[in-house]
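The structure appears below as structure tokens.
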Amino acid sequence: MSERQIFSKILRLDKYIYNDLLNLNGALQKGIAIYLAVATLTTLSAFRFFNGMIEFLESNLVLFQGEMSEEEFQMLRSLIDELSVIFIQQDSTTSVLISSIVSTSVTTVVGLVICFLILKFLLRKDPKPTDLLIISFFSSVPGLLVFPVLFIQDPLVQALLVFITSIYALIAFGSGIKQVYLLRNIEVVLVVIALTFGGSILGSA
């Protein structure tokens, strides 16, 4: 099965793709490569989005002047200037990009540990850590669709595209664990919530 076929089936939420992937030679290595590509692209897109937001605020700053006191307006201007300097520096710093990817990966691993515990002890399944990793890595494929954010200028369109691809990836993950572990819909929702919020909360602790 070629990469194009794999991506197509994941994006179409094929009912058998994840069971096929678990039996695919080199699936874990391919999954890691996909995940790193998506994490890099998502991080760059986030930088691009925040830079776009700052540029939008800078160009429309005068619209806020009539709604604020002079002191509040100057504070807002100073804040935007500081954020602009920060993101310009971050956008050109490889170490910040690597740090962001590492942080995202740690959060993902923490979320998957929580999912493993829920599947094993609460839902009485027999999950394998490598299987969960493969499902998670390949379900991140929708994140590749965020690529246009790097070229789109409109912050609203950027935000919408980032949001849609993030939700799409969660749906793909839910589809994967449902297929492999034969879960009910409510159980899928529980595991997806655990991955999303459990990883975010404990990973940042």
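The values are calculated or read from the model by the stated rules, or taken from the named source; none is laboratory data. Not measured: the values here are computed from a predicted model. FYI the Cβ positions are ideal-geometry reconstructions off the backbone, even for glycines, and counts take in every protein chain you see.
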Exactly one of these conditions fails for T93: (1) polar (S, T, N, Q); (2) surrounded by fewer than 13 Cβ atoms within 10 Å (Cβ to Cβ); (3) modelled with pLDDT of 90 or more. Give me its number. (3)
Against the definition (part of a helix (DSSP H, G or I), modelled with pLDDT under 95 and either among the charged types (D, E, K, R) or loosely packed, with under 14 Cβ neighbours inside 10 Å (or both)), how does L202 come out, yes or no? no
Being among the polar types (S, T, N, Q) and buried (at least 20 other Cβ atoms within 10 Å of the Cβ) is the filter here; which residues of the range 154-174 pass it? Q158, T165
Scan the range 130-166 for residues that are under 12 Å from the mean Cα position of the chain (by Cα) and farther than 30 Å from L24 by Cβ and jot them down. F163
So if I check each of L161, L195, which one is closer than 15 Å to F137 by Cα and in contact with a helix residue (DSSP H, G or I) (Cβ under 6 Å, 6 or more places away or on another chain)? L195
Of all residues in the range 107-128, count the ones that are over 16 Å from N19 (Cβ atoms) and either within 20 Å of the chain's Cα centre (by Cα) or part of a loop (DSSP other than H, G, I, E, B) (or both). 12
Can you say whether L183 is in a loop (DSSP other than H, G, I, E, B), closer than 28 Å to K125 by Cα and aliphatic (A, V, I, L, M), as far as the supplied structure shows? yes
Would you be able to say whether some residue in the range 148-156 is among the aromatic types (F, W, Y) and either in a helix (DSSP H, G or I) or under 20 Å from Y35 (Cβ atoms) (or both)? no
Which residue, of I88, I118, is at pLDDT below 85 and not acidic (D, E)? I88
Could you pull out the residue among I34, I6 that is touching a Ser or Thr at 6+ places or on another chain (Cβ under 7 Å), closer than 30 Å to T94 by Cβ and surrounded by 15 or more Cβ atoms within 10 Å (Cβ to Cβ)? I34
Is there a residue being part of a helix (DSSP H, G or I) and surrounded by fewer than 19 Cβ atoms within 10 Å (Cβ to Cβ) anywhere in the range 135-144? yes
Within the range 44-56, identify whether any single residue is modelled with pLDDT of 80 or more and surrounded by fewer than 13 Cβ atoms within 10 Å (Cβ to Cβ), and answer yes or no. no
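Conditions (1) among the polar types (S, T, N, Q); (2) closer than 18 Å to T40 by Cα, marked per residue:
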residue	(1), (2)
T94	yes, yes
S99	yes, yes
S105	yes, yes
V113	no, no
R124	no, no
P127	no, no
D131	no, no
F147	no, yes
L156	no, no
Residues that are surrounded by fewer than 16 Cβ atoms within 10 Å (Cβ to Cβ) and assigned to a helix (DSSP H, G or I), drawn from the range 57-76: E58, S59, V62, L63, F64, Q65, E70, E71, E72, Q74, M75, L76
